[in-house]
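The values are calculated or read from the model by the stated rules, or taken from the named source; none is laboratory data. Computed from a prediction, not measured in an experiment: that's the story for all the values here. Cβ placement follows ideal geometry from the backbone for every residue including glycine, while neighbour counts extend to all protein chains displayed. These area figures cover heavy atoms from the full protein model, side chains too; ligands, DNA and RNA do not enter into them. Shrake-Rupley method; radii C 1.70, N 1.55, O 1.52, S 1.80 Å.
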Amino acid sequence: MDKEIISYVVTKTNELIETKSCCKEVKEAARKWLASIGTEKETEETKKYFAELEADIMPIDNLIAFAGSNDGIKLFGSETAKSILNHGKEIKKAGAKYCDCPACKAVSEILKKKELLFR
């Protein structure tokens, strides 16, 4: 794998781990991937990591639906849920495909390098 691309993904992965909005499953997959770099498990862990990233990035329509639901209101509180809902609708109008929280932003940047890592 290209060292420059790996370095970029490592940097974004460390940023991802530090975000408050990153779920524990992604953090665990990220840490396992980081630990596997340069080992015989690197390819296997890279595949697992990217599968987890793809499973956990929040599509914008899902964000909008959740923020507008009773569960979203229960989790965030009514004012925050309303704010997230309105923000989600705004960024969707502007062309966003995914949530733009810090974790989803980092995941999106990492996923852009997928094809380069799996050449």
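Key figures for this structure:
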read-out: Condition met for A35 (part of a helix (DSSP H, G or I) and under 16 Å from V9 (Cβ atoms)); value: yes
read-out: Selected residue (only one of N70, N14, N86 is within 16 Å of the chain's Cα centre (by Cα) and polar (S, T, N, Q)); value: N14
read-out: Helices (runs of 4 or more DSSP H) (entirely within segment 39-119) containing at least 3 residues that are among the aliphatic types (A, V, I, L, M), modelled with pLDDT of 95 or more and within 19 Å of K24 (Cβ to Cβ); value: 42-56, 102-111
read-out: Conditions (1) more than 25 Å from D2 (Cβ to Cβ); (2) surrounded by 15 or more Cβ atoms within 10 Å (Cβ to Cβ); number of the one not met by K105; value: (1)
read-out: From the options I64, I17, I5, residue that is closer than 21 Å to F118 by Cβ and either in contact with a helix residue (DSSP H, G or I) (Cβ under 6 Å, 6 or more places away or on another chain) or open to solvent by less than 70 Å² (accessible area, probe 1.4 Å) (or both); value: I5
read-out: Condition check for I57: touching a strand residue (DSSP E or B) at 6+ places or on another chain (Cβ under 7 Å), surrounded by 15 or more Cβ atoms within 10 Å (Cβ to Cβ) and not basic (K, R); value: yes
read-out: G68 vs. criteria in contact with a Phe, Trp or Tyr (Cβ under 7 Å, 6 or more places away or on another chain) and over 30 Å from S7 (Cα atoms); value: no
read-out: Boolean, K48 is in contact with a helix residue (DSSP H, G or I) (Cβ under 8 Å, 6 or more places away or on another chain) and under 18 Å from E115 (Cβ atoms); value: yes
read-out: Positions within segment 8-21 being modelled with pLDDT under 95 and either farther than 16 Å from K105 by Cα or not basic (K, R) (or both), in sequence order; value: S21
read-out: Looking only at segment 20-44, and only at residues there that are of a type in the set (D, E) and open to solvent by 50 Å² or more (accessible area, probe 1.4 Å), the one that is farthest from D56 (Cα to Cα); value: E40
read-out: Failed item in (1) out of contact with any helix residue (DSSP H, G or I) (no Cβ under 7 Å at 6 or more places or on another chain); (2) surrounded by 15 or more Cβ atoms within 10 Å (Cβ to Cβ); (3) not hydroxyl-bearing (S, T, Y), with C99 passing the rest; value: (1)
